[in-house]
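Report on the structure given below.
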Amino acid sequence: MNRPDTPGPHHAELREPAVADGPAMWRIARDSRDLDLNSHYAYMLWARDFAATSVIAAVDGNPAGFLTAYVRPDEPTTLMVWQVAVDAAYRGRRLAARMLEHAVGAAPRCTHLETTITADNAASIALFTSFARARGARVDRTPLFTEETLGGDHATEHLFRIGPVAPAT
């Protein structure tokens, strides 16, 4: 079996999403059971309007994961990562970490990265803290949207602000 980062039948291609990827992004988000699920339409718009800062991981030509991000309009040196998901069949191949590195590399003017994570999402906490550690970056965690602000039926989203982000070593 090939390693996922070497050419061969299980090589993961990292690329910008296309509108046609929207339904697969929706399916991967739905099946993750960790992400807030948006409409097919929202993922298609995301793939159209924020493709330059987002990533699709495709294995054998099939979407295996996605990362959606944007540069904050009020802070043009901050990349906000909105969602990261990997299809269950492709987990354990470091696709989430590779997509995160790819997205940061595609936004060279960004010195900081932000995301929001609920306290029970251990996989995302591990992904982003590992990224920060590898880059020698500080992680500041603060509640951004509380359970009360979110209407009482959603756990508090904690802002993880990472930076300054040094180049990968």
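The values are calculated or read from the model by the stated rules, or taken from the named source; none is laboratory data. Not measured: the values here are computed from a predicted model. Reconstructed Cβ throughout: ideal geometry from the backbone, glycine too, with neighbour counts over all protein chains shown. SASA here: full protein model, heavy atoms, side chains in, ligands and nucleic acids out. Shrake-Rupley method; radii C 1.70, N 1.55, O 1.52, S 1.80 Å.
Condition check for Phe50 on (1) more than 13 Å from the chain's Cα centre (by Cα); (2) open to solvent by 60 Å² or more (accessible area, probe 1.4 Å); (3) of a type in the set (A, V, I, L, M, F, W, C): one failure, at (1).
Since Leu79 meets every condition but one in (1) in a strand (DSSP E or B); (2) surrounded by fewer than 24 Cβ atoms within 10 Å (Cβ to Cβ), which condition does it not meet? Answer for Leu79: the failing condition is (2). Is it the case that Ala126 is touching a helix residue (DSSP H, G or I) at 6+ places or on another chain (Cβ under 8 Å) and closer than 27 Å to Ala64 by Cβ? So Ala126 fails the test. Among the residues making up the stretch 116-169, those that are in contact with a Lys or Arg (Cβ under 6 Å, 6 or more places away or on another chain) and crowded, with 16+ Cβ neighbours inside 10 Å are His158, Phe160, Val165. Would you pick out the residues in the stretch 17-41 that are modelled with pLDDT of 90 or more, surrounded by 14 or more Cβ atoms within 10 Å (Cβ to Cβ) and under 14 Å from Gly65 (Cβ atoms)? Passing the criteria: Pro17, Asp21, Ala24, Met25, Trp26, Arg27, Ile28, Ala29, Asp31, Ser32. In the stretch 35-51, the residues that are assigned to a helix (DSSP H, G or I) form Cβ pairs under 7 Å with partners that are open to solvent by less than 60 Å² (accessible area, probe 1.4 Å) and among the aromatic types (Phe, Trp, Tyr), at six or more places apart or across chains, as follows: His40/Trp26; Tyr43/Trp26.
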